[in-house]
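The values are calculated or read from the model by the stated rules, or taken from the named source; none is laboratory data. Keep in mind it's a predicted model, so treat the numbers as computed, not measured. Glycine also receives a Cβ, built like all others from the backbone with ideal geometry; neighbour counts cover every protein chain displayed.
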Amino acid sequence: MVLLSGPNICGNEWKYVKECLDTGWVSSVGAYVDQFEKMTAAYAGTPYAVATSSGTTALHTCLIIEGVQSGDLVITQNITFVATLNSICYTGARAVLIDVDPDSWQMNLDLLEKFLDEETEQRGDKCFHKASGKRIPVIMPVHVLGNMCDMDRLVNLATTHHLTIIEDSTEALGSCYKGKHAGSFGKMGTFSYNGNKIITTGGGGMIVTSDEKVAKRAKHLSTQAKSDPFEYFHDEIGYNYRLVNMAAAMGVAQMEQLPNFLLRKKEIIAFYKQALQGIGDISFQEVDADVNPNWWMPTIKTNKQAEILKKLNEEKLQSRPFWIPMNQLPMFIEDLYYHQNDCSDFIYRNCLSIPCSTYISDSEMQKVVDVIKSVF
Ligand SMILES: Cc1ncc(COP(=O)(O)O)c(C=O)c1O
């Protein structure tokens, strides 16, 4: 089986994890947690990073820090992985779903602007949804597949409407807009180290921020809000959301290889584009000139999606459809979906992701290409 996006464990992972096992530093504190946080902060260009047990718990922690609560609305987009919306719902808030751009598959900023101008009002330095009267404290853009939208415009819209940006940059480690890293545009950004991501710790996440107070609060909340170093005094409801040292050891080893993984992802997308562009109606995700994406997961758009998916998977070339749009899931069907042409549905019905592990061989990619071509 050629995996869609498998972990590439070819550096110091064994050495660093063995060190944890040999020394007994396997659990929730240890030098690798600190090192992994420092490496990530330096890489993302943010002074602070706080490791968490997953990307989902990173998002949830950020929302708690920003005071998002029951009765609030959080703006996000209709094409994303369900964890974005789950993290919002954990706080008791609900999502406003903005449709995505048909070419970049990121949040459609024309629609966002229209929504903000027509459907919201500012009261002091707060944003409210006119129809429901609900507060909208946060916007959570998702950098889908490691691509990014026009971040200057998004930041400007958020600022003028008093919205705090929490970036769901879980898929975008290594992606940049005008040379600035994904995750560093908002008050907080997040990464995921789930097994299919560009680097993995088996499972894990990270919050990045330039705000020291936010970093301290994130550490506090994610470690059961214990406020006394000796006594078990906890000063608020906390969470067991920390990353264990053994996973962080793997993270450090993976971070050492990130530059090579990014280069390989660029080779993979170049291979597929060269071989598939111009075949039938196939097109690729469009990327703005200001964006340098990590090309985490090459995904093609074609009206032969179903047929290609069937054939690739029959040939054990693991391929997947795009996420079902959030407004079509039973839990979110009642949430506000702001759109004009429901591009999300079109993207869902026409896109598929193809094998792209950083260790994939050129001959395996050629097999993928041959199967896809055979359908046309
Ligand atoms: C867009 C998006 N948001 C959130 C998450 C959640 O991350 P995790 O699986 O580490 O909880 C993921 C990935 O799995 C994701 O792709």
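Check segment 227-235 and report whether any residue there is free of Cβ contacts under 8 Å to residues at least 40 places away in the same chain, surrounded by 15 or more Cβ atoms within 10 Å (Cβ to Cβ) and more than 15 Å from the chain's Cα centre (by Cα). Looking through segment 227-235, none of the residues is free of Cβ contacts under 8 Å to residues at least 40 places away in the same chain, surrounded by 15 or more Cβ atoms within 10 Å (Cβ to Cβ) and more than 15 Å from the chain's Cα centre (by Cα).
Against the conditions (1) part of a loop (DSSP other than H, G, I, E, B); (2) more than 21 Å from TRP105 (Cα to Cα), SER374 satisfies every one except (1).
Taken together, the residues in segment 148-172 that are touching a Leu at 6+ places or on another chain (Cβ under 7 Å), within 13 Å of the ligand (Cβ to nearest atom) and not β-branched (Val, Ile, Thr) amount to 2. Residue count for segment 1-45 satisfying the condition of being outside any helix (DSSP H, G or I), among the aliphatic types (A, V, I, L, M) and under 19 Å from THR200 (Cβ atoms): 6.
In the set LEU97, LEU85, LEU73, which member is more than 16 Å from the ligand (Cβ to nearest atom) and either at pLDDT 95 or above or under 22 Å from PHE128 (Cβ atoms) (or both)?
Details: LEU97 fails: more than 16 Å from the ligand (Cβ to nearest atom); LEU85 fails: more than 16 Å from the ligand (Cβ to nearest atom).
One residue alone meets the criteria, LEU73.
Can you confirm whether segment 22-29 contains a residue that is β-branched (Val, Ile, Thr), closer than 16 Å to SER222 by Cβ and either crowded, with 18+ Cβ neighbours inside 10 Å or in the same structural domain as THR170 (by TED's automatic domain parsing) (or both)? Within segment 22-29 (the criterion being β-branched (Val, Ile, Thr), closer than 16 Å to SER222 by Cβ and either crowded, with 18+ Cβ neighbours inside 10 Å or in the same structural domain as THR170 (by TED's automatic domain parsing) (or both)), the answer is yes, since at least one residue qualifies. Among the residues making up segment 189-219, those that are more than 9 Å from the ligand (Cβ to nearest atom) and in contact with a strand residue (DSSP E or B) (Cβ under 8 Å, 6 or more places away or on another chain) are GLY189, MET206, ILE207, VAL208, THR209, SER210, ASP211, GLU212, VAL214, ALA215, ALA218, LYS219. Name, by its number, the condition in (1) on the phi > 0 side of the Ramachandran plot; (2) out of contact with any helix residue (DSSP H, G or I) (no Cβ under 7 Å at 6 or more places or on another chain); (3) touching a residue at least 12 places away in the same chain (Cβ under 8 Å) that does not hold for ASP345. If we test ASP345 against (1) on the phi > 0 side of the Ramachandran plot; (2) out of contact with any helix residue (DSSP H, G or I) (no Cβ under 7 Å at 6 or more places or on another chain); (3) touching a residue at least 12 places away in the same chain (Cβ under 8 Å), just (1) comes out false. Would you say LEU309 is closer than 11 Å to ILE354 by Cβ, in contact (Cβ under 8 Å) with a residue 40 or more places away in the chain, over 23 Å from the mean Cα position of the chain (by Cα) and surrounded by fewer than 21 Cβ atoms within 10 Å (Cβ to Cβ)? Answer is yes for this residue.
Need a quick list: strands (runs of 3 or more DSSP E) entirely within segment 258-359 having at least 1 residues that are under 19 Å from GLY6 (Cβ atoms).
Filter on segment 258-359 gives 299-301, 351-353.
Residue pairs whose Cβ atoms lie under 6 Å apart, separated by 6 or more positions or on different chains, with the first residue in segment 238-262 and over 16 Å from GLY195 (Cα atoms) and the second surrounded by fewer than 23 Cβ atoms within 10 Å (Cβ to Cβ) and of a type in the set (Phe, Trp, Tyr), are ASN245/TRP25. When restricted to residues that are farther than 16 Å from ALA218 by Cβ and within 16 Å of the ligand (Cβ to nearest atom), segment 173-184 contains 4.
Name the residues in segment 236-246 that are crowded, with 24+ Cβ neighbours inside 10 Å and over 28 Å from GLY67 (Cα atoms), would you? Answer for segment 236-246, where residues must be crowded, with 24+ Cβ neighbours inside 10 Å and over 28 Å from GLY67 (Cα atoms): just ASN245. Pairs are defined by a Cβ separation below 6 Å, a sequence spacing of at least 6 or placement on different chains, a first member in segment 52-66 that is within 23 Å of GLN35 (Cβ to Cβ), and a second member that is near the ligand (Cβ under 8 Å from one of its atoms) and aromatic (Phe, Trp, Tyr); no pair meets this definition.
Being on the phi < 0 side of the Ramachandran plot, outside any loop (DSSP other than H, G, I, E, B) and away from the ligand (no atom under 16 Å from the Cβ), is that true of even one residue in segment 240-247? Within segment 240-247, one or more residues are on the phi < 0 side of the Ramachandran plot, outside any loop (DSSP other than H, G, I, E, B) and away from the ligand (no atom under 16 Å from the Cβ). Within segment 159-184, being closer than 14 Å to GLN77 by Cβ and free of Cβ contacts under 8 Å to residues at least 60 places away in the same chain holds for ILE165, GLU167, SER169. Within segment 46-98, the set of residues being crowded, with 24+ Cβ neighbours inside 10 Å, in contact with a His (Cβ under 8 Å, 6 or more places away or on another chain) and in a loop (DSSP other than H, G, I, E, B) comprises ASN78 only.
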